[in-house]
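These notes concern the structure reproduced below.
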Amino acid sequence: MSLRHLVDFNELTKEEWDGIYTLAADIKKDPAKYSEVCKGKILATLFYEPSTRTMLSFQTAMLRLGGNVIGFDNPANSSVSKGENLKDTITIISCYADIIAMRHPQEGSALAASVFSTRPLINAGDGGHFHPTQTLIDLFTIRQNKETLSGLTVGLCGDLKNGRTVHSLLRALNTLGKNTYYLISTEELALQKHIIEQLRENGNTVYEVTSLEDCIDKLDVLYMTRIQKERFATEEQYKEQSGRYILDKEKLNMSKPDTIVLHPLPRVDEITEEVDYDSRAMYFKQVQNGLYVRMALIVKMLEAREGEETTADIEKYMDLPREQKCKNHVCITKTEKYLPLLTYKTPDGGTACMYCDTKID
Ligand code: CP
């Protein structure tokens, strides 16, 4: 694996994804075989935002591989609360740990941190932007159940606008297969148009619908999501959107017997408890798969950097300007003013911020 950091799932080649899948499947069969693979290695988990699954499964993964874990689960308990910036925090942690998993509320924070990290840095969620390790888990679970990532009918339901897991999953599936998608949401929480355009340009069929009942019988995979309360400006705006899509047993019984129901979790009220006991409910198995997938990812990323000189990417960017042009108010460039200006050309000839992928012009 040539990847230095994992910011976006799409940085992985098809061969690298296959390698992670195969290793995770083998770990799932016989976890004890891997119990000393990371002996002497340290994982740092830096969580600037709450988490149950991602943080604890990363920590469990490293412990199950025979390694150790350091980190914080609340920046208020670190020197971030005294004003330490992201660059300095990452530089310091690079002196202690062999590999870093970071979650941060600002979009583009993972790429920003990776620029200063001399250790492999894994994006454990950067605001509403990406969540590539959840994508690895989602793809692993779909492939284990359906034996393919192509030719499927996939429904995604709920907060498609703010759900970083939705964005990451669709970008990944778009490179790995051609599918039919039912995007089930209110108009306010619809998926961004540019992502829909990319799916259609790649030969996928996409339907934007507002009713789960009208399409549930067609689905091979139903990906339910939580309405992302923390991304709304006001409680009223959140309340207007919450409770609109609830998967209960009655609705589930309209689906095919082999439909699988995924959810990145946590759930609030969008799946009723009775659904948990249906064989189509795959979300707790998804969580278990997450452990094996993160074990595989840690092994692969450490192997890739074994013996390599530890340099940070900032050395390549020293001559770049530091003034930022991104207009996204939650982009990391809005607060970390020292970041090098990183942009890329979009297919329509425009320019986008490389940190958060927002169009600049
Ligand atoms: N799926 C997921 O990211 O869960 P946590 O927020 O609990 O980590």
Inter-probe distance in nm under a simple model that places probes 7 Å from Cα toward Cβ, at LYS82 and SER2: 4.2
Name the aspartates and glutamates eligible as straight-distance cross-link partners of LYS239: C-alpha to C-alpha under 19 Å, and not fewer than 8 places from it in the same chain. ASP159, GLU187, GLU188, GLU230, ASP269, GLU270
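From largest accessible area down, sort ASP126, ASP361; use a 1.4 Å probe on the protein chains.
Sorted descending by solvent-accessible area, the residues read ASP361, ASP126.
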At each listed q (0.07, 0.11 Å⁻¹), what is the log10 of I(q)/I(0) that the Debye formula gives for the chain modelled as equal alpha-carbon point scatterers? -0.29, -0.75
Counting only the backbone N, which residues of the stretch 119-151 are under 19 Å from the spot 7 Å out from the Cα of THR335 toward its beta-carbon? 122-131
Roughly what would the spin-label model give for GLU208 and GLU306, points 7 Å off Cα along C-beta, in nm? 4.9
When every alpha-carbon pair in the stretch 42-88 is counted, what percent end up more than 16 Å apart? 42
Please give the calculated 222 nm ellipticity per residue for the chain, where each DSSP H segment of at least 4 residues contributes -39500 (n - 2.57) and the sum is spread over every residue; nearest 500 deg cm²/dmol? -10000 deg cm²/dmol
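Leaving ligands, DNA and RNA out of it, report the carbon-plus-sulfur percent of the accessible area of the stretch 115-193 at a 1.4 Å probe.
Its accessible area is 40 percent carbon and sulfur atoms.
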Could you give me the ³J(HN,Hα) list for the stretch 165-178, computed from phi with Karplus coefficients 6.51, -1.76, 1.60 and θ = phi - 60°, whole Hz, x at Gly and Pro? 5, 5, 4, 5, 5, 5, 4, 5, 4, 5, 8, 9, x, 10
Applying 1/(1 + (r/R0)^6) with R0 = 41 Å to the Cβ-Cβ distance of ARG280 and GLU323, what FRET efficiency is obtained, to the nearest 0.05? 0.20
Would you mind putting 52-61, 132-141, 314-323 in packing order, based on average other-beta-carbon counts within 10 Å, highest first? 132-141, 52-61, 314-323
Please enumerate, by chain and number, the lysines with C-alpha under 28 Å from the C-alpha of LYS28, excluding those fewer than 8 residues away in the same chain. LYS14, LYS39, LYS41, LYS146, LYS178, LYS256, LYS285, LYS300
List the aspartates and glutamates whose Cα sits under 19 Å from the Cα of LYS29, skipping any in the same chain fewer than 8 residues away. ASP18, ASP138, GLU147
Tilt of helix 86-96 relative to the longest C-alpha principal axis of the chain, in degrees (0 to 90, nearest 10)? 70
Once you've got the GNM for the chain with C-alpha springs shorter than 10 Å, pick whichever of LYS178, LYS249, LYS33 has the biggest mean-square fluctuation. LYS33
Accessible area of the chain divided out per residue, in Å², using a probe of 1.4 angstrom: 44
Quick one: angle between helix 14-29 and the longest Cα principal axis of the chain, in degrees between 0 and 90, rounded to 10, please. 80
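Please sort 40-48, 229-237 by packing, taking for each peptide the average over its residues of neighbouring beta carbons within 10 angstrom, highest first.
Values: 40-48: 20.9, 229-237: 11.8.
Sorting 40-48, 229-237 by mean packing, highest first, produces 40-48, 229-237.
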Which of GLU270, GLU107, GLU306 ends up with the largest GNM mean-square fluctuation for the chain, with Cα atoms connected below 10 Å? GLU306
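The values are calculated or read from the model by the stated rules, or taken from the named source; none is laboratory data. Since this is a predicted model, take the numbers as computed values, not measurements. Every residue, glycine among them, receives a Cβ derived from its backbone with ideal geometry; neighbour counts consider all protein chains shown. Side chains are part of the model used for accessible areas, which takes the heavy atoms of the whole protein and leaves out ligands, DNA and RNA. Shrake-Rupley method; radii C 1.70, N 1.55, O 1.52, S 1.80 Å.
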